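Engineer: One structure is given below, represented as structure tokens, and several questions about it will come after.
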């Protein structure tokens, strides 16, 4: 399933970027090619660039002079599949570097990551500290964590032995397991909906989009990243982000990356802007895209004026 932009006058430019190990990544660009700043949006696990549609459009309305870049991670969306051994955050960080080298090699960049996309940004910051404050002038970490994913919320299920059994079954028989996944997604749709949206009333369009993106993700991609989440720890990147304006945002009802993760990250990043969006969960970018775009808007203003004061915001 795809959704059309609400900005028909904005031209979408499609680019294919080849990574260092030869994987073709599907990249989309919006806004002027000669923009003096670029916002790069990184989506979450089992999602794709369409998850940013509403936020992207809101940003382009506020900043018609900016360029927005979205891309599908390897094994997701329109990007090519790769060896399951490369489905890890270190490789996603290298992929991000390849995308930046190809489409935004010199101009100031603001990185915005949701969920696994935020983990990719943190991994990139740890691996490329020299880029933070020079090439990268702002970072937004949305509904994500720096460590301890298996210690809180639904993430504690990662420690369940069933997860290891599931991964082993996918390695042995990916084809039959993918067909089983489609049936399982229907069976467990109410549980997944609760994990992402809680008991809130959500637009049928938002639900349909979220379900479509999950169902289209290959099961090898889905399963392979789970081991990575269990051992993930990039708290070492947080001090590095103190060099630049940083936004930390989450939904108050997020069950996958509970607000405690965002509070901990914001406390470790000097002068970070902490935004708690009430009445939303892990899919905050789909549920409240205008509020998310407004927070990113403040980040972009701070990136252009580093002396601007950060604050804690509770958004209803």
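No lab work stands behind these numbers, since they all come straight from the coordinates. All figures in this text were calculated on a predicted structure; none of them were measured in a lab. Here Cβ is always computed from backbone atoms with ideal geometry, including for glycine, and neighbour counts include all displayed protein chains.
Engineer: Could the peptides 251-264, 31-44, 96-109 be put in order, highest first, of the mean number of other beta-carbon atoms found within 10 Å of their residues?
Structural biologist: Packing order, densest peptide first, comes out as 251-264, 31-44, 96-109.
Engineer: Among 65-71, 111-117, 226-232, how do they line up by average Cβ neighbours within 10 Å per residue, starting with the highest?
Structural biologist: Ranked from most to least packed, the peptides come out as 111-117, 65-71, 226-232.
Engineer: Hey, another quick one. I want the antiparallel fraction of DSSP beta bridges within region 11-77, as a percent rounded to 5.
Structural biologist: Within region 11-77, antiparallel bridges account for around 65 percent of the total.
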